[in-house]
Every structure is written in C-alpha cells, then in structure tokens.
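The values are calculated or read from the model by the stated rules, or taken from the named source; none is laboratory data. Predicted, not measured: the structure shown is a model, and the values here were computed from it.
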Amino acid sequence: MDWQHVIDMVGGAVLAVIGWFCRQLWDAVKELRKDIHTLEISLPIYYVRKDEFSESMKEIKAMLEKIFDKLDGKADK
C-alpha cells in the first residue's frame with residue numbers, strides 16, 4: 001500500500017465526516033424553520049398584540065380616572 005492510497009482513504013474519511021455534519025446541520029435548520037413557522041401561527045392565538053393591549057389599557061385608565069374623580073368628590077362632602 002503506497003502513500004497515495006493512505007492519503008485518499010484519510011481524505012475520503014474526512015470528507016465523509018464533513019458531509020455527515022453538514023447533513024445534520026441541514027436537518028436541524030429545516031426543523032428550526034418548521035418550529036418557527038408553527039410559532040408564527042400560534043402567536044396571535046395565545047398572545048395579545050401591543051396595539052390591542054395599549055387600547056385596552058387606555059379604556060381601563062379612563063374608567064379608573066372616573067372612579068377616582070367620584071371618590072374625590074365623595075371625600076369633599
């Protein structure tokens with residue numbers, strides 16, 4: 001067995017390991033894309049958008065202001 005065969009076998013083994021590693025990365029990225037897509041679909045179902053929350057908080061603050069104004073009016077009497 002000469003050196004060229006040894007170099008070819010070592011090179012082939014290294015390339016096989018690199019190929020396996022790249023395939024694992026490819027599969028992981030594909031799974032990650034699928035998970036992110038599922039998350040994008042489920043986000044509006046389980047969480048409130050920022051503008052909807054802000055609008056609700058404005059309504060609650062307005063109600064609290066009315067209550068505090070009435071309480072202040074009661075305390076003065």
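Given the structure, is PHE68 over 40 Å from the mean Cα position of the chain (by Cα) and not aliphatic (A, V, I, L, M)? Give the steps one after another, and end with the answer.
Values: over 40 Å from the mean Cα position of the chain (by Cα): yes; not aliphatic (A, V, I, L, M): yes.
Criteria met by PHE68.
Looking only at residues that are outside any helix (DSSP H, G or I) and not acidic (Asp, Glu) in the range 1-58, which one is modelled with the lowest pLDDT?
At the first step, the residues of the range 1-58 found to be outside any helix (DSSP H, G or I) are 1-2, 47-49.
With not acidic (Asp, Glu) added as a condition, the list becomes 1, 47-49.
Working: MET1: 77, TYR47: 85, VAL48: 84, ARG49: 84.
So, considering only residues that are outside any helix (DSSP H, G or I) and not acidic (Asp, Glu), the one modelled with the lowest pLDDT is MET1.
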